[in-house]
Amino acid sequence: MNDILHILDHSLPLHSGYTFRTRAIMKAQIKAGWKVAGITGVRQYQNGQILSAKQEEVEGLHFFRTMAESSGPFLWREWNEVSALRDAIVKTYNESPFRIVHAHSPALNGLAAALAAAELNIPFIYEIRAFWEDAAVGNGTGSEGNMKYRLTRALEDYVISRADHIAVICEGLKSDLIRRGISQEKITISPNGVDMSVFGSAKPCDNALFEKLQLRDSDVIGFIGSFYDYEGLDDLITAMPILRAKGRNAKLVLVGGGPMEDALRAQAQASDACEHIHFLGRVPHEEVEKYYSVIDVLAYPRKNMRLTDLVTPLKPLEAMAQEKLVAASDVGGHKELIIDGETGTLFAADDPNSIADALYGLFSNKEKWPERRRIAKDFVKKQRNWEINIRRYDPVYHFLLGKDKPSKVA
């Protein structure tokens, strides 16, 4: 019997921030002695095709798959997805019982888990990684306040009301739920963290890549991640000629891809700093550390909006663990991770001049870098290490399983 079944939108072998957080949680829980597995909904794809295997082992983790397709108009399609996942959860329980349902947003997963947990009479935890109506606005697939936005929010509220306990990844999400009337005693924060066994040691500079990109005697700024509009990479590109005009031999390395890639490439091509901006495309996850190794400062110029104000990102923590300097916009999600002048540098969101000034200040005071790196890595190691983070779930699990009363949680 498994202790916990994680209900997921998608998982490994797909690569995303969502799947990496799931991997870290499950691996840390297994190491701590919990028996865990995951189940994905109908949106789990590999190479553009629906997976055909009912179960799958990936990196030592066990996943069940929902074997169904979903089509049709809006709402009908979503209800079919929920029904298929609910049925798959119940079937999985009958074949491989578990004691707790731990569902991870979006709310469609939560609804399927709530229905299955009620049918099976077992505890249900719902974990919110972002409000998906806000994520849709941030990635350009939705508009704040429209019908779909309001329906998604209403569905989230319903799932929250059915959950025995709520987990969120940051203070911003917790505060928003409290404003909606949810008791803080029902909410636990399990923040984004870093697997220190993967990112816990800085790699030496990859000399071949360094020379290929002609980075010698340069101030190297980088971004590694997805190219969504809310990431503010257009502001970073705009800041490049401003920074170079201040006398810094700055070069920008952009690793990744996404919806804004074509527009960003066009903007860079038209920039006075075009020769100093490198687009490297998407790279295999196992090679990411090589790209970290050639970058001096990782920049995260997220735009100021509801999504970025409420949700903390994962990438700055990975950079800190890699002993890289971090510069980020002063949105709420960043301010939960970065103390300006101690663990990183903050600049005004949506302001290329502020970005340039902040980067100029960093590169002009390199004597402070060793201490900054040490403090930032120590923060990740002590407060954002997954082996520590997953302990925040334990009081809730034990309470729901009837072992003891929950201790006070964040």
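The values are calculated or read from the model by the stated rules, or taken from the named source; none is laboratory data. Just so it is clear, the structure is predicted and the values come from calculations on it, not from any experiment. So basically every Cβ, Gly included, is an ideal-geometry build from the backbone, and we count neighbours across all protein chains shown. We work out accessible area using only protein heavy atoms, side chains counted, and drop any ligands, DNA or RNA first. Shrake-Rupley method; radii C 1.70, N 1.55, O 1.52, S 1.80 Å.
Structure above, values below:
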quantity: Where labels lie 7 Å past Cα in the beta-carbon direction, separation of D394 and F279 in nm; calculated: 4.8 nm
quantity: Structure-based [θ]222 nm, the chain - -39500 (n - 2.57) summed over DSSP H runs of at least 4, per residue, nearest 500; calculated: -12000 deg cm²/dmol
quantity: Cα-based reach from K35 at 14 Å (exclusive), listing aspartates and glutamates while leaving out same-chain residues under 8 positions away; calculated: D3, D394
quantity: Model label zone, Q55; criterion: amide N under 20 Å from point 7 Å along Cα-to-beta-carbon; scope the stretch 98-117; calculated: 98-102
quantity: The stretch 1-79: trypsin sites (Lys or Arg not before Pro) falling in loop per DSSP and having at most 15 other Cβ within 10 Å; calculated: K35, K54
quantity: Projected-area average for the stretch 216-276 over all orientations - Cα convex hull basis, square nanometres; calculated: 3.9 nm²
quantity: For the chain, alpha-carbon Rg and Dmax in angstrom; calculated: 21.8, 67
quantity: Accessible area (Å², 1.4 Å probe, nearest 10) - T312; calculated: 10 Å²
quantity: Within the stretch 343-372, chymotrypsin sites (Phe, Trp or Tyr not before Pro) in DSSP loop having at most 15 other beta-carbon neighbours inside 10 Å; calculated: none
quantity: Intensity falloff of the stretch 145-270 expressed as log10 I(q)/I(0), Debye formula with alpha-carbon point scatterers, at q = 0.15, 0.22 Å⁻¹; calculated: -0.95, -1.27
quantity: Members of K246/K381; K212/K368; K27/K381; K251/K290; K31/K381 lying beyond 24 Å, as alpha-carbon distances in this model show; calculated: K246/K381; K212/K368
quantity: Percent accessible area from carbon and sulfur atoms, the chain, protein chains only, probe 1.4 Å; calculated: 48 percent
quantity: Residue-normalised accessible area of the chain, given per residue in Å² at a 1.4 Å probe; calculated: 43 Å²
